[in-house]
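The values are calculated or read from the model by the stated rules, or taken from the named source; none is laboratory data. Computed from a prediction, not measured in an experiment: that's the story for all the values here. Note that we place each Cβ from the backbone using ideal geometry, even for glycine, and neighbour counts take in every protein chain shown. Ligands, DNA and RNA are stripped out before the accessible areas are found, and what is left, the full protein with its side chains, is counted by its heavy atoms. Shrake-Rupley method; radii C 1.70, N 1.55, O 1.52, S 1.80 Å.
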Amino acid sequence: MRLGIGDQGGSVRGRRSDGEEGFTLIELTVAISLLAVVMVGFAGAVYGGMAAWAASRQRSAFVEIANAEMETLRAVPYDSLGINTTTEPGWAAAYPSNQHGGRDYVNVTPADTAGLAPKSVSTVTTSNVQGLALPYTVRRWVTWTDVTGGSSHVFKRLEVRVEWSENRRTARSLTLTSIIYPGGIGATSTNTDPVASFTVSPGQSLAALATATFNASASTDADGDALTYSWDFGDGITLTGVSVSHAYALAGTYNVLLTVADVRGGSATTTTVMTISAPGSLPPTASFTRSPSTGTASLSVSVDAGASSNPGGGPMTYAWHWGDATANGSGVNATHTFASAGDFTITLTVTNTSGQAATATSTVHVDPLNCNIISGWFKNPSTNGTSNHISVGSNGKPHNESFTFYATSNSGCTTIDGRIPYNGSPGTFSVSLNPTGTVGGVTSWSGTASFGSSHKFSTGNFQTGEFWSPGTTGAQDKLSFTFSVD
């Protein structure tokens, strides 16, 4: 039997010589192609699964690395974390530690964070992950934050970011964050309670309707926290503020309670007793300042009695006794000049409309004004146009017997003598000068005398004379000058 092509549109089927049917070449080719497609898809699925497994393995390794880095950060003491920028394990914070006075926590305000953005503070390129030829990078951030939206605690936000390239192509990363605050996770920070203290001016004993000032600025907080101040005056009135004023309407005894609180819940109290009398039953209080308290005569001193008070209310009169036998002064402010040296006690007397008075005293020390001769010269005669010059004859006597001496000094000089040397005994020609007037603190002096037959002068230029003051109210002074004889 032979292979042939069937007629009448019948199918073509190959047969073996033994009479059984088989596959044609076309059918075999199609079958192989289908098998190849299936095998390629299966291989792709296997490859993808292996890649996903490798990526998962990488990510698991990097999660462990990130967790280890975060635990390292969290193990650093809170007050050290974020302090330095160069060495581990501090890792600098986004804001300098000295910005907040070196304290562990602070109140963050817009001024604290202005221009101070969070930043990466440490970058470490590590060796390859065990079993993976993939270099990776760890970045650490430590920043200040306040997760409570305005509470007193300042938290530190820790962030660890691991970055790598998957199969050296696709960039991958994972980030861990953690929040810590003073005292550790779940604990509040240590806080020292403030200390309350205040003063009362003008005092704790007042008349009704008189105003007193209460000042709590002496209160302190060891942590440096901001404080709030609450006042209870014991008469149903409460106020807030570091310094307040209050007047009691009725006489009686009142307990004043001050409560100070810090921003972290700490508080302290202190009390004082106010004794309030009926209006007008208390005497005034005298007090004043003076400036300067010491100086040289003549010394001008200003006094101010503004610190005096009248607990009973109403006006007062002010009288000043200067202690130097001069007339009294008056008014809240006054000025007095002490003309001579000495210690002078100023006494202030204040008197209210009820005739009640109080006094206060203070001492002013005035030093003497030392004599100071400013200038000096003589003329022979007084009409001579040339100063400090003597014309003598062959016998050494001046051609004119009249000498006039002139000088100027401050007001500390009480006497001045003009002196020039001559031959003979006692050897000095001396003239006592008299003051002729004082202008602007400068006193002018002059004195005229005639020499005798024994007053003979040696010729020669630039001989030395002087003006001398014994200085009865201060140190003595002298002024030397030169004169010529020809």
Please list L250, L257 in order of solvent-accessible area, largest first, computed with a 1.4 Å probe with all protein chains present.
-> L250, L257
Got a sec? What order do D223, D304 fall in by accessible area at 1.4 Å, biggest, i.e. largest, first?
-> D304, D223
Work out the P(r) tail for region 187-307: percent of alpha carbon pairs separated by more than 19 Å, whole number.
-> 58 percent
Distribution of pairwise C-alpha distances over region 413-457, 5 Å bins, in % | 5, 20, 24, 17, 12, 11, 6, 4, 0
With R₀ set to 22 angstrom, the calculated FRET efficiency between the beta-carbons of S387 and S425, to the nearest 0.05, is 0.20
Check: C-alpha center region 335-396 vs C-alpha center region 425-442, spacing in Å is 17 Å
Have a look at region 344-478 and give its Rg and Dmax from the Cα atoms, expressed in angstrom.
-> 23.3, 89
Taking the radius of gyration and the Kirkwood hydrodynamic radius from Cα positions alone, what is the Rg/Rh ratio for region 284-394, to two decimal places?
-> 1.42
Calculated SAXS-style log₁₀ I(q)/I(0) at q = 0.13, 0.18, 0.19, 0.32 Å⁻¹ - region 219-270, Debye, Cα scatterers | -0.36, -0.61, -0.66, -1.32
Considering only protein heavy atoms, what is the solvent-accessible area of E401 at a probe of 1.4 Å, reported in Å² to the nearest 10?
-> 110 Å²
With all protein chains modelled, accessible area of R161 [1.4 Å, Å²] | 70 Å²
How big is the accessible area of H321 in square angstrom, nearest 10, if you roll a 1.4 angstrom probe over the protein chains?
-> 90 Å²
How big is D for region 376-432, in µm² s⁻¹ as a whole number, if Stokes-Einstein is applied with the Kirkwood radius of its Cα pairs at 4 °C and 1.567 mPa s?
-> 103 µm²/s
